[in-house]
Amino acid sequence: MIIGNFSYDPDLDTYAGEITTLTLQRTDVRFLPSEKTSEKEPDYRIVHEFGGMAFELGAAWTRSSDRGRRYLSVMLDDPALPTSINAALFPSDGDEQAALVWQRQVKKPPAAESKPEAPRARKSSRQAPRPS
């Protein structure tokens, strides 16, 4: 499901656009390049600009598909959400436009719980007395 549309500015290496879902509508969203100090840090910070201020919405990491196509792995978060949203930003063939795509994760059924085994009776070296 496409939840956002963005334009790419190669001179600034930024994406600008909007994110829209049934419960969220944010315009003036930007993917700004991040100065990384380690490999684990994101390549982009995602910010929403409003009233002359910028609010961070998430982060994105550059990835390549099995076919070698470049995309951004995106994580959006908000205190009002029960969990973060994972999505992907896919540039068009000419890289001038990009679509933010989200797909609901299918929940795996819980693993069948195994019942603990009943304790085994210990064998005693002592024999029971014989009836007389």
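The values are calculated or read from the model by the stated rules, or taken from the named source; none is laboratory data. This structure is a prediction, so every number in the text was calculated from the model and none was measured. Here the Cβ is made from the backbone with ideal geometry for all residues, glycine too, and neighbour counts use every protein chain on show. Surface areas here come from the heavy atoms of the whole protein model, side chains and all, with no ligands, DNA or RNA. Shrake-Rupley method; radii C 1.70, N 1.55, O 1.52, S 1.80 Å.
By a 1.4 Å probe calculation restricted to protein chains, Asp77 has an accessible surface near 80 Å², given to the nearest 10.
Taking region 1-105, which GluC sites (Glu not before Pro) meet the DSSP loop condition and have no more than 12 other C-beta atoms within 10 Å? Passing sites in region 1-105 are Glu35, Glu39, Glu96. Extending 7 Å from the Cα toward the beta-carbon at both Leu24 and Met53 defines two label points whose distance is 1.9 nm.
As a length-normalised measure over Cα pairs under 8 Å and 6 or more apart, the relative contact order of region 9-100 settles at 15 percent. Placing unit charges on the Cβ atoms only, positive for Lys and Arg and negative for Asp and Glu, gives region 1-84 a dipole magnitude near 340 debye about its Cα centre. Residues whose amide H comes within less than 5 Å of that of Gln97, counting only those at least five positions distant or on another chain, are Tyr8, Ser92 (H built at 1.01 Å from N in the peptide plane).
Only alpha carbons enter this Debye calculation for region 1-54, each as an equal point scatterer, and the log10 of I(q)/I(0) it gives at q = 0.16, 0.30 Å⁻¹ is -0.55, -1.15.
Note on Asn86 and Leu32: their simple-model spin labels are 2.7 nm apart, each label 7 Å out from Cα toward Cβ. Of the residues Ala59, Ile85, Ile46, the one whose Cα sits farthest towards the positive end of the charge dipole of region 34-105 is Ile85 (charges of +1 on Lys and Arg Cβ, -1 on Asp and Glu Cβ, taken about the Cα centre).
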